[in-house]
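Here's the structure, in C-alpha cells; my notes come after.
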Amino acid sequence: MSLAVSEKKAPLKRSNSKTVNSPVKVARNTPKRARVVVSSSSEGEDDSKDEDFEMKDAEAVHESSEESDVDENASDDCEVTYDSTPQTTPKRAKKLNKTLPDTPKSIKTSGVGKVRKVIPDGEEVSLAAVEEKMEKIMEGKGERKKTSNKVGSKKEEDEPLERFDHESLDWLKPEKIRDACKRTMSDPEYDPKTLWVPPDFHQKQTPGHRQWWTIKSQHFDTIILFKVGKFYETYHMDAVEVVRALNIAFMRGSYAHAGFPEHAASKFADQLMNHGYKVARVEQTETPQMLEERNKKTSAKDKVVRREVCRVTSNGTRTYGVLDGVDLGSATSTLDPTSKNLLAIKESYNSETGKSTYGVCMIDTTTAHIRIGQFEDDDYRSQLRTLLANVIVVQALVERSSMSASTKAILNGILFSVPIENLLPKKQFLTADDVVRIVSNDDYFGSEVSNWPDVLKTMLEESSVLPKASSEWQLALSAFGAVFWYLRDSLIDVDMLSMKNITFYDSNAKSSEVQTSNEEKVDWNGKNLILDGTALENLNIVPNGRDSHLTSLYFVINKCSTPFGRRLLRSWLLQPTCDPTKLRLRQEAIKWMTSSDATSFVDIATATLKKIPDLDRLLQKIHTIGLKYRSEKHPDSRAIFFDTIKTNQKKIGELLAAIDGFKLCNKLRKEYMKVQQEGEGCEILDELLGNTEQMEEVDENIMFFEKMFDRTTALKDGKIVPNAGCDEEYDEALEKVKEAMGELNSYKDTIAKKYSCSIKFVDSGKVKYLLEMPESIKVSSSFELKSRRKGFIRYSTPDSEELVASLHAAESEKAKLGDDATRRVFEQFGHKNPIWLETVKLISTFDVLTSLAIFSKSSPFEMCMPEFDFKSAKPYLVVEKGLHPCLAMHARNEVTQTSTFIANSTTMGETEAAVMLLTGPNMGGKSTLMRQTAVLAILAHLGCMVPADSMRLTPIDRIFTRIGANDRIMCGESTFFIELKETDIMLKNATKHSLLLIDELGRGTSTFDGTAIASAVLQKIADDVMCRTFFSTHYHSICNSFTDHPNVRLAHMKCVVDKENNEDPTMEDVTFLYELESGICPKSYGFYAAKLAGIDQEVVRKAYAESNKFASNLIIDPKIRQLVKCARDENFDINELKSMIEAL
C-alpha cells in the first residue's frame, strides 16, 4: 500500500465547508477524512485516467461553483475553497493493497465497515508517516471514533466501530428499516422502493441534504446521482455502493460521499447497471438567478435551487439516449444489437387442474417495441418455459403474492441471474381497467379508440363507447399495466407508448392445428416450426449461456451487416417457417444470390449494408427528442445542463445519420433496379427492393429534410434554423416580425414627413426604438422625452410604444419558435415513422437473406437446397451425407482445408420405417447424429441451403428433444422427473409431422424401471404417433422386442474393436467410425469409455466382473445359471456341457 502526498502548492480541491453543518450534525471539531482510493485493479495499472475526479482544473471548479452565492448549502462537501497557505494535502493513494470490504447489493444493508484513522487538515506529515498510519487503519489498528467524552464511559476499544455517519443511524439498521408508510419489511404491503426518514432528523439537515433525503425516501432501492454544479454526487449508503462498484475515491468527511463529473455520468451509470443497480439522475431545474427571482416573487427563503428526478434507469429500461453517451449514428458501433426485454407476467392459477393461464407483456425500450399476449399453459408450464427461452429477459416484473409455487420455481430457476421485482397489486401492478383508463389520456392514446394500436383495439370491448378492457384479455392487459407503471416510474412512459409499436405475442404452441388423419393433407400456409425452450437449449440454436456461443447455429450462419438484420435473423431461427410460399421465395432468392450473375450486386449490397447504422433504435431516439410532451412537461425540459451545445450537436448528428442511413437504403434499391433492368433478380427481392413507389416516397422525404436546414451550420451551432418555406410556423413568425418592423418604419417616415426632418431609431439602455430628432424641432405634447445627446432629443409616443410592443411580441414568438425549431424538425421526422419503419423492415429482411446466401456460398462443404414435399400425406426425411453445420466447421482445419467430421446419411419414412431405434458405443456419435438431423431440418425451414449432398423432406410442425441428463435444483426438479415430464409433453403434443429426439430415456432410475419405461414409450410412438423419431438406448433388450415392428428400424453407430477380450475389457481398443449402419450394436463398450476417462484399470476389471454377476443373476433358473457359468469356463469338458444341455 502507498499513499501519495503532494509537496507542491495545494491545488483546488473539493472539501467539506468549514462554515456550514454536515448532513448529520457533528461537532465542529470533527476531523477531516483523508482522501483514500481503494483499488481492486492490478498492480502497475496507470491511475492517471482518474485525475478527472480530483477537480484539479481551476476553470472546472470555478464553473461548478457558480451557484455558491445562493446554493452554498446544497452540498456542504462541494464548496470550493482556495487555500491561502500551502499545506501538505494527501492525494489519492496509488494501488492500495487492501480493498474496500464487499457490501451487499441491497442499498438497505450497505455500508458495514470499520473506522479509519483520520489525518486532520493542515497537519504536517511525511510520506512515511502517512503510509504507516494508513497501514494501521487498513489493519484495524487505527484510532476508533469517539462517541462520548463523559467520565466513566466505556473504553473506546469496547465501542462499536463505524466508518461513516449513516451507519450510526438506528432507523437505517436492516432490521429497523421501514417504508414511507412506516411498514416493516415483514408487512405484506411493505414497499421496498420507499424509506421512512424521521421528521426530526430530516429537519436537522442542511437544505441541500434535505433535498437528497427527500428524494432518497422516494427511491430507496435506487442509486441517486445528485447534480451539484457540473458534478453528480452520491451520499451515504449510495456512496459506499458506488465506490465499491466503480472503484473511485471517497471524498473527505465524516459521512460517505463520492462523485464524478457530468461528462463521465453515462459511463459510470452504465457500469452501475451492469452491477445490477437502478440509477436515478437528479438534475438542477433552476439556476441561482431563477431561485433568487422565485424567492422575490413568493417571499420564500429557499437556499437551494430546485432539483428533480429526471430519469430512473435499470437494465430493463435502457434507451441509449443522448445523455447515455451511446453513438447510435455510427455504423461501426460495438453496441450489442440483441433485443433485451423488460418482462411482466400475470398468472391465474387453477388449483383443481394444476394449470395456469398467463398474461405477458414485454418491451425492448431501445426500439419501443411492445409485445402483449395471453395463453393457457399445461401443468409443466411448457409455453412459459419456451417464452423465457425465446426472449432475452434482463428484468422481470411479477405481482406480489400472486404467483403459484410452480411458476415461482421456474422463474427463479431460469431467470436466476435476472432481477425480479415484486410489485404491489393494483397500486403498481395495475389492473386491466385501470391501465385502459390511464392510457386513454391525451398524452398516450386518447379517448378515441380508432387512434389506438390495432393489438390493443382487439383487447377492448367492442360494444363500449369509451375504451373498456375486454373480460377475455384481463391478464394480458394487467401485465401491460405493470410495464406501463414501471415505464412511468422511469419517466419514459410517453416516449415508449407514443411510438404505438405494439404487436401480439403468439405463444406458437398450437400444434394441434395440424393434427390430421393418416391420409389427409395439411394446410401449411402461415404455419411455423415450433421450437420449445428445451429444443432451443439442447440443439444450441441461439446462444444459451450454457454452451459456447461459437457453436450455436446463430453464430455460424450470422453474416448480417446491420444490427436490425441480426435481430431479425434471431427471430427467424426461433420461429422457422413451414409456409410453402415463404420457403419457395426464400429458396429462389438464395439460389439467385449464390449464382455468378449476382456476385457483383451482392458485393455492392454487403458493402452498403455495413455503412447503415441501427436505424431501428435511431427512430425511437429521434421520436423521443421530437415529443412536444418532453419539451413542455418532462423534468428534463427544466433541467440545467452545462454542455448543451455538445449535447445538441450529438442529437443533430444522429438525425443526419438516420437521413444518410435511409439514403443508403435507397441506394440499395437503385442498385437492384439496375439488375432488374438486365432481366436478373427474383420475386422476393422485387418486393423488398424493386418497389419504385416506395423508393420515390423515401427519396421525397429525404429531400425535404435535407432542404429544411443547412446541415453544416446546424452541426456547428448545435441548433437547427429552418430555411424559408420549410417550417410554416417559423415562417409566419418571421412574417409577423417583418410586418411589425414595416409598420414601425412607416410610422417613423410619417413623423419625419410631418415635421420635415430626418429621424432615426436609436436605443437607450433597455429602451429600444426611440425617435431621435433634432432638438430644434418643436413637437406636440404626445412626444415624451426619454434622453438626449448634443443637438438631438430622443422621444417616444404612445403610438411608437404600441408598435414597439407589437414588434417585441413578434420577435419573442420568433425566438420561441426558433429555440423550438430543432425539436420540431425531429417531430416532423418522427411523423414519417410508418415510412421509415417499413423501409427498415424491408432492408432487414434483405440483410437476412443476404446472410443466408453468404453462408451458403462461403461454406467449405458441399451445399444443397432442401426439397420440400407439401403434397405427401406420409411424412419422411431423407438426408444424403449430411454434416452438422456448427460442429463440422469447428472440426475444420483451416491449414489443410479438411474436416475430421464424418458425414452421415439418414432416412426416416419413405423407404424406411419412420422410427429409428439407435444403439452404439458410448461416445460413438448417436447424440450428434440426432442433433445434426434436427439442425439441418431447422436450416431447411429457414429456406437456406444445408451442408449435405441432398435433402428431401415433408414439413415438420414441431421438434421435441429429450437429450442429456440435467436436474433443475432451483426449480425443484430431479433428473428423472425432467426426463419423464419432457417425454409426457412429447406423447401429448406430438403429431405424425413432428420430429422426436429421445436420447437414452430411463437412465435416471433403476435398470429395470428404465428399460420398462423406455420400451413402453417406444411402443406408444411406433404404434400411435408414428412420427419421425430418433430413439437411442443402451438397453439392448428393447431391441429384441422391436426386431419385426414395421414402424421401427434398428440401426447403430459403427465401431471397430481390436484385441477383443471377454475376460479383461482394459485390453480392448475401440475405434469409433461415427457412421450409421443398420442392425443392433452387440454392446455399449462402456468399460472402454471408463478406460478413456482414466479410471484405474483394476477398478474397470472389478466393474466388469460385477457386470457379469449381474447378468448371471438375471437368469432365474439355477440350472441355467450353472450352465452359463460352466460354458464360460474354458477348461470345462465339452461332452459334459452337452450332457447338461440335453438334461435341460
Within the stretch 280-303, does at least one residue satisfy the condition of being over 20 Å from Thr624 (Cα atoms), outside the structural domain of Phe231 (by TED's automatic domain parsing) and outside any strand (DSSP E or B)? no
What residue, of Phe445, Phe429, Phe416, is within 30 Å of Glu979 (Cβ to Cβ), in contact (Cβ under 8 Å) with a residue 12 or more places away in the chain, touching a helix residue (DSSP H, G or I) at 6+ places or on another chain (Cβ under 6 Å) and not aliphatic (A, V, I, L, M)? Phe416
Of (1) closer than 23 Å to Asp489 by Cβ; (2) among the hydrophobic types (A, V, I, L, M, F, W, C); (3) buried (at least 17 other Cβ atoms within 10 Å of the Cβ), Cys181 satisfies all except one. Which? (3)
If I filter the stretch 262-269 for residues that are under 30 Å from the mean Cα position of the chain (by Cα), surrounded by fewer than 16 Cβ atoms within 10 Å (Cβ to Cβ) and modelled with pLDDT under 95, do I get at least one hit? yes
Considering only residues of the stretch 984-1034 that are aliphatic (A, V, I, L, M) and not in a helix (DSSP H, G or I), which is farthest from Ala535 (Cα to Cα)? Met1026
Answer yes or no as to whether Ala396 is part of a helix (DSSP H, G or I), in the same structural domain as Gln374 (by TED's automatic domain parsing), under 27 Å from Arg381 (Cβ atoms) and modelled with pLDDT of 95 or more. no
If I ask for residues that are part of a strand (DSSP E or B), free of Cβ contacts under 8 Å to residues at least 60 places away in the same chain and more than 30 Å from Leu618 (Cα to Cα), which ones from the stretch 339-376 would you list? Tyr349, Asn350, Lys355, Ser356, Glu376
Positions within the stretch 920-948 being at pLDDT below 95 and assigned to a loop (DSSP other than H, G, I, E, B), in sequence order: Gly920, Pro921, Asn922, Met923, Gly924, Gly925
Find the residue count for the stretch 589-600, including only residues that are in contact (Cβ under 8 Å) with a residue 40 or more places away in the chain and either over 10 Å from Gly681 (Cα atoms) or in a loop (DSSP other than H, G, I, E, B) (or both). 3
Go through the residues of the stretch 708-716 one by one and say whether even a single one is under 24 Å from Glu262 (Cβ atoms) and either of a type in the set (Lys, Arg) or within 30 Å of the chain's Cα centre (by Cα) (or both). yes
Please state which of the following conditions Val737 fails to meet, knowing it meets all the rest: (1) touching a residue at least 60 places away in the same chain (Cβ under 8 Å); (2) farther than 30 Å from Ser796 by Cα. (2)
Identify, please: which residue in the stretch 459-469 is out of contact with any Lys or Arg (no Cβ under 8 Å at 6 or more places or on another chain) and in contact (Cβ under 8 Å) with a residue 24 or more places away in the chain and is, among those, nearest to Asn501 (Cα to Cα)? Met459
Checking the conditions here, which among Met1053, Met1067 is over 51 Å from the mean Cα position of the chain (by Cα) and assigned by TED's automatic domain parsing to the domain that holds Leu877? Met1067
Kindly establish whether Lys582 is farther than 22 Å from Ile835 by Cα, at pLDDT 95 or above and surrounded by fewer than 22 Cβ atoms within 10 Å (Cβ to Cβ). yes
Residue under question is Glu283, and the condition is that it be surrounded by fewer than 21 Cβ atoms within 10 Å (Cβ to Cβ) and over 24 Å from the mean Cα position of the chain (by Cα); does it hold? no
Somewhere in the stretch 354-372, is a residue touching a Gly at 6+ places or on another chain (Cβ under 9 Å) and among the small types (Gly, Ala, Ser)? yes
Of all residues in the stretch 971-983 being part of a helix (DSSP H, G or I) and without any contact (Cβ under 8 Å) to a residue 40 or more places away in the chain, the one that is surrounded by the most Cβ atoms within 10 Å (Cβ to Cβ): Glu979
Test set (1) in contact (Cβ under 8 Å) with a residue 24 or more places away in the chain; (2) surrounded by fewer than 18 Cβ atoms within 10 Å (Cβ to Cβ); (3) among the aliphatic types (A, V, I, L, M) - Ala1012 fails condition number: (1)
Name the residues in the stretch 752-771 that are at positive phi, in contact with a strand residue (DSSP E or B) (Cβ under 9 Å, 6 or more places away or on another chain) and loosely packed, with under 15 Cβ neighbours inside 10 Å, would you? Gly765
Which one of the conditions (1) surrounded by 14 or more Cβ atoms within 10 Å (Cβ to Cβ); (2) of a type in the set (Lys, Arg); (3) over 30 Å from Cys682 (Cα atoms) does Arg789 fail to meet, given that it meets all the rest? (1)
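The values are calculated or read from the model by the stated rules, or taken from the named source; none is laboratory data. Computed from a predicted model, the values in this text were never measured in an experiment. All Cβ positions, even for glycine, are placed from backbone atoms using ideal geometry, and neighbour counts span all protein chains on display.
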